[in-house]
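Below is a structure I'd like to ask you about.
The values are calculated or read from the model by the stated rules, or taken from the named source; none is laboratory data. None of the values given here were measured: they were computed from a predicted structure. Cβ: placed from backbone, ideal geometry, glycine included. Neighbour counts: every protein chain shown. Surface accessibility is based on the protein's heavy atoms, side chains included, excluding ligands, DNA and RNA. Shrake-Rupley method; radii C 1.70, N 1.55, O 1.52, S 1.80 Å.
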Amino acid sequence: ESGKQIRSRADARIERDRIRSAVRAGTLVPAQDESQVRWELTFSQFAKLWHEGNGQYLVRARDNGYRLAFIERFVLPGTDPPVTFGQKLAAAITVGDIESYRAARKKQHLSAVTINHDLKLLRKMLNWGIRFGYLEQTPFKRGPVTTISLEREIPRSRRFESDEVEERLLKAA
């Protein structure tokens with residue numbers, strides 16, 4: 001009803017008093033029907049809401065911002081005219097869109113760890129959207145079945161092909 005994020009008990013009390021006063025005075029104008037607005041959010045708009053509601057409090061918020069910007073700029077294949085991930089409706093993101101993004105990142109020869117970080121960020125965001133009513137489902141799961149799994153990562157202790165490669169890296173550093 002307030003149209004803004006309420007972060008503290010004091011803010012909630014202020015907003016409660018404002019709404020009560022408006023109801024008593026007969027001047028309360030109902031907020032726009034959010035259920036319709038929420039379904040029309042592009043991924044970029046949704047990402048902004050997520051950032052304001054949760055993303056800025058994460059441990060590595062700066063890394064998430066970098067990853068999110070990259071995800072939003074990704075052009076979805078097979079779209080004419082070209083559509084970026086950020087322009088697509090958040091509720092319309094499919095398993096195919098995420099798999100296309102994963103394939104593009106693999107073509108860039110990025111590690112499984114990097115790709116997994118991107119996928120975990122997307123999964124975290126979409127789950128947050130479900131929890132707060134912006135989305136009804138996530139492409140990462142259909143009921144109890146996981147539809148998008150993470151890449152298999154090489155254990156940290158085995159990320160170098162040999163001791164020689166590790167030694168060369170240490171000397172160069």
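Can you work out the accessible area per residue across segment 67-171, with the rest of the protein chains kept in place, probe 1.4 Å, in square angstrom?
65
Once Rh is set to the Kirkwood radius over Cα pairs, what Stokes-Einstein translational diffusion coefficient, in µm²/s, holds for segment 63-171 at a temperature of 20 °C and a viscosity of 1.002 mPa s?
D = 136 µm²/s.
When all protein chains stay in place, what accessible area (Å², nearest 10, 1.4 Å probe) is found for Thr147?
Roughly 50 Å² of Thr147 is accessible to a 1.4 Å probe.
HN-Hα J couplings of segment 75-89 from phi, Karplus 6.51/-1.76/1.60, θ = phi - 60°, integer Hz, Gly and Pro as x?
Taking θ as phi minus 60°, the curve returns 8, 6, x, x, 9, 9, x, x, 10, 8, 4, x, 7, 6, 5 Hz for segment 75-89.
Just by accessible area at a 1.4 angstrom probe, what is the order of Glu40, Glu72, Glu166 from largest to smallest?
Final ranking, largest accessible area leading: Glu40, Glu166, Glu72.
May I pose another question? Just in segment 46-141: which trypsin sites (Lys or Arg not before Pro) are loop by DSSP and have at most 14 other Cβ atoms within 10 Å?
Passing sites in segment 46-141 are Arg60.
Also: Could you please report the charge total around Phe70, scoring K, R as +1 and D, E as -1 over all other residues with beta-carbon less than 10 angstrom from its beta-carbon?
Taking every other residue near Phe70 into account, the sum is +1.
Just read off the accessible area of His117 with the full protein assembly in place, 1.4 Å probe, to the nearest 10 Å².
Its accessible surface works out to 80 Å², give or take rounding.
Could you pull out every one of the lysines with an alpha carbon less than 16 Å from that of Lys106, ignoring same-chain neighbours closer than 8 positions?
Lys120
Where Lys and Arg each count +1 and Asp and Glu each count -1, what net charge lies around Leu122 among other residues with Cβ under 13 Å from its Cβ?
After counting each charged neighbour, the total is +4.
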